[in-house]
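Beneath this line is the structure, given in structure tokens, with notes to follow.
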Amino acid sequence: MSASQRMTRAQVPMEEMILAPGSTCQGCGAAMAARLTFKVLGSNLIRHGIPCCPDQVTKHPRVGAVFEGGGASLTGTARGLKAIGREDVKAVAFFGDGGTYDIGLQGLSAAAERNENILVITKDNEAYMNTGGQRSGGTPKYAETTTNPVGPNSRGKGEPKKNIPMIFAAHYVPYIATASVAFPEDLMQKVKYAKDIIGFRLILIQAPCPVGWRFDPAKTIELARAGVQSGMWPLYEIENGTAFKLNYKPKELKPVSEYLKPQSRFRHMTETEVNEVQTNVTTNWQRLLKADEMKTVVL
Amino acid sequence: MSYEVMVGNKATAVGCKLARIKVAAVFPITPQTTITEYLSEIHASGELPGFEFINAEGELSSQVIVQAAEAVGARSFTCTSGPGLLYMHHPMQETASKRLPLVMAVVHRGVKSMQPDHSDLMSQQWQGWLHIYVENAQEILDTTVMAYKIAEDKRIRLPVAVGYDGYVLSYTAEPVEIPAQEDVDAFLPPYKPMPSILPDQVDPKTFGAGWGEGDPMKPWQMHHEAALNGETVIKEVFAEWGKKFGRTYGNGMIEPYRVEGADCVITAMGTIAGTAMAAIDRLWTDGKKVGLVKIRSFLPFPRKDFQEIAKGVGAIGVFDRSCQPGMWGPVYHQMRSTLYDEEKKTPVIGFIGGLSGKEVRVEDMMKIGEKTLKVAEGGKPEAPIQWV
């Protein structure tokens with residue numbers, strides 16, 4: 001998005017769309033993501049939910065679908081609205097990482113390939129938090145989950161997090177962005193920009209989960225900020241599958257240990273393992289800088 | 001009104017067009033595939049204005065897409081066969097629980113082979129849909145239109161599956177009368193969602209949430225009662241169709257053939273009913289008074305009709321084109337349960353045949369008639385249930 005499309009603080013709507021008091025835990029990153037997102041989107045939408053944590057977050061009329069049916073459900077709403085002449089109403093998802101990375105990937109991929117006119121907001125808390133924190137395709141390497149306990153045979157999750165933004169970029173959809181609750185202006189600008197684009201849009205918001213990640217619920221924003229500042233959760237946009245823009249470029253990245261340390265899901269990590277993560281993040285960051293410079297996706 | 005020689009699958013597509021469907025989401029599977037092609041042609045030609053046609057990436061998604069489209073108020077359609085129906089199993093329950101009046105064609109393909117039997121739709125009995133089985137291309141077209149009227153009736157508000165045998169009917173061409181669009185429009189008013197989900201409506205509703213406060217069994221009870229209302233509504237809708245278009249299919253729930261004066265009756269569903277009619281004619285020629293009852297609605301089951309029929313016959317021979325291993329045929333069980341409390345005890349014997357596309361000949365149906373007649377005359381059946 002260009003500078004003229006940016007949102008100023010004065011333009012942030014006063015009206016809250018979130019349910020308050022909500023049913024979320026203290027310090028829930030996903031609840032913050034919902035609040036910021038739906039403030040910008042307003043009321044003229046049908047929110048889509050599939051099993052995820054938290055789900056009952058806003059006042060909008062909601063379509064619930066089977067876990068694997070998110071992409072199809074959004075498709076049906078968008079096409080149905082078009083067929084009855086009500087395209088002013090938006091089909092918006094508020095899904096989790098399981099419904100995006102894993103069980104819901106097939107339907108979302110098909111919706112992306114058909115370039116359905118839908119907005120997918122995924123709050124990524126990096127595990128199946130609704131069922132108590134089991135491993136998902138969004139879980140990062142070395143994270144301990146309830147199905148990746150650390151033991152003589154296990155160092156937590158053994159594989160890296162699935163690169164879902166690039167998977168969707170390979171569908172050549174109009175807009176993909178990553179966002180963080182620690183950067184609310186950036187997040188809301190992206191939602192505002194995505195709101196009126198016609199076609200498939202995905203905004204992936206990192207949503208720290210104090211219960212699943214095991215950190216002090218008072219530190220959600222600090223932790224999310226450390227994620228971005230260390231390069232663990234880079235903020236970027238991809239338009240039409242190719243045009244790339246890195247939105248946050250500090251002169252120097254903070255060490256990943258600042259992000260890993262406060263979380264008990266990483267407490268078993270050795271220095272060697274932390275260094276391995278650091279090396280991967282640094283390599284990836286160089287790739288992102290190069291992509292930003294060339295204004296095109298670099299895999 | 002016009003005539004055209006068309007295959008069963010085309011009759012489905014023409015029925016959809018006459019019903020002015022707004023959204024169809026489909027995924028190809030033999031023997032349903034050509035419906036998806038006919039629908040895509042209707043979309044490409046622009047003859048159905050505003051029609052949204054979606055090539056889904058699988059049956060599960062096609063079911064979810066039309067479910068969501070129905071929720072915003074767009075009359076929708078999907079179709080499948082055998083394994084595709086099994087893949088839809090998960091969201092089908094939701095379509096019914098959300099009380100969305102979707103219509104789906106199920107072009108029967110067995111679950112153990114690619115050939116037709118009723119094991120696909122019979123395996124979905126617990127999903128809360130109404131199930132109608134039809135016999136020929138004309139009946140497919142007419143029933144597709146009527147199914148929307150039944151599904152959208154406020155006493156029902158449930159999805160309806162219209163089942164017909166794959167290959168023998170899906171790919172067989174027959175002359176079909178196509179009613180005039182304005183006559184169908186007068187018969188089937190535009191779909192109005194109830195309640196509305198649109199955010200600018202008064203008190204817009206959510207679809208697919210939990211029940212919330214109160215008796216958690218209440219939605220089950222309401223769902224069950226709505227399905228039972230099918231018996232009344234199906235009869236009403238078919239009577240209205242008969243009056244308007246001059247074609248009747250019995251009372252909609254069942255279609256009796258030479259039942260009057262018969263000593264016993266046999267039952268059949270789908271294309272086997274046609275074979276059975278020929279068998280019945282030969283039996284009467286031989287002086288054997290055997291009637292046929294074609295069961296059109298399996299869900300809800302025509303309980304009242306069979307309780308009435310049982311009063312006048314000595315035995316009922318039930319033909320099942322599916323088998324639940326370890327529990328025999330589902331139609332047989334429904335029939336016995338239907339008649340259990342009747343004062344007059346009418347023997348019910350079961351026949352299982354036509355599984356995995358095994359041919360059922362006129363002679364087979366005659367034998368079933370003769371065996372049933374023997375029981376009606378006081379004989380003992382060789383076995384309560386027999387393989388044909």
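Per-structure values
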{"read-out": "Set A:V92, A:V40: member being at negative phi, more than 9 Å from every other protein chain (Cβ to nearest Cβ) and out of contact with any His (no Cβ under 9 Å at 6 or more places or on another chain)", "value": "A:V40"}
{"read-out": "Qualifying residues in segment B:65-89 (those that are among the β-branched types (V, I, T) and closer than 20 Å to B:V162 by Cβ) - the one nearest to the other protein chains (Cβ to nearest Cβ)", "value": "B:I65"}
{"read-out": "Output for segment A:99-116, where each listed residue is more than 8 Å from chain B (Cβ to nearest Cβ) and either within 21 Å of A:T139 (Cα to Cα) or crowded, with 24+ Cβ neighbours inside 10 Å (or both)", "value": "A:G99, A:T100, A:Y101, A:D102, A:I103, A:G104, A:L105, A:L108, A:A111, A:A112, A:E116"}
{"read-out": "Condition met for B:E231 (under 14 Å from the mean Cα position of the chain (by Cα) and assigned to a helix (DSSP H, G or I))", "value": "yes"}
{"read-out": "Subset of segment A:205-222 (residues that are among the aliphatic types (A, V, I, L, M) and buried (at least 23 other Cβ atoms within 10 Å of the Cβ))", "value": "A:I205, A:A207"}
{"read-out": "Flag if A:T147 is touching a Gly at 6+ places or on another chain (Cβ under 8 Å) and β-branched (V, I, T)", "value": "no"}
{"read-out": "Residue count for segment A:163-175, restricted to those that are surrounded by fewer than 17 Cβ atoms within 10 Å (Cβ to Cβ), in contact (Cβ under 8 Å) with a residue 40 or more places away in the chain and not aliphatic (A, V, I, L, M)", "value": "1"}
{"read-out": "Flag for B:Y3 being in contact with an Asp or Glu (Cβ under 7 Å, 6 or more places away or on another chain), modelled with pLDDT of 95 or more and either among the aromatic types (F, W, Y) or more than 21 Å from B:G128 (Cα to Cα) (or both)", "value": "yes"}
{"read-out": "Inter-residue pairs, beta-carbon under 7 Å, first in contact (Cβ under 8 Å) with a residue 40 or more places away in the chain and in segment B:59-84, second of a type in the set (F, W, Y), 6+ apart", "value": "B:V66/B:F77; B:A71/B:F207; B:G73/B:Y191; B:R75/B:Y148; B:R75/B:Y191; B:G84/B:F27"}
{"read-out": "Flag if A:R79 is in contact with a Lys or Arg (Cβ under 9 Å, 6 or more places away or on another chain) and either at the interface with chain B (Cβ under 9 Å from one of its Cβ atoms) or within 22 Å of A:G132 (Cα to Cα) (or both)", "value": "yes"}
{"read-out": "Residue within segment B:52-63 that is surrounded by 24 or more Cβ atoms within 10 Å (Cβ to Cβ), in the same structural domain as B:T143 (by TED's automatic domain parsing), closer than 24 Å to B:P219 by Cβ and touching a helix residue (DSSP H, G or I) at 6+ places or on another chain (Cβ under 7 Å) present", "value": "yes"}
{"read-out": "Failed condition for B:P49, given (1) more than 7 Å from chain A (Cβ to nearest Cβ); (2) at pLDDT 95 or above", "value": "(2)"}
{"read-out": "Total residues in segment B:179-199, condition closer than 24 Å to B:T95 by Cα and at pLDDT 85 or above", "value": "10"}
{"read-out": "Strands (runs of 3 or more DSSP E) enclosed by segment A:40-156 - at least 3 residues per element that are within 28 Å of A:E16 (Cα to Cα) and free of Cβ contacts under 8 Å to residues at least 60 places away in the same chain", "value": "A:45-49, A:62-64, A:90-96"}
{"read-out": "Those residues of segment B:207-228 which are in a helix (DSSP H, G or I) and without any contact (Cβ under 8 Å) to a residue 12 or more places away in the chain, in sequence order", "value": "B:K218, B:W220, B:Q221, B:M222, B:H224, B:E225"}
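The values are calculated or read from the model by the stated rules, or taken from the named source; none is laboratory data. What you are looking at is a predicted structure, and each value in this text was computed from that prediction instead of being measured. Neighbour counts are summed over all protein chains in view; Cβ atoms, including those assigned to glycine, are modelled from backbone coordinates with ideal geometry.
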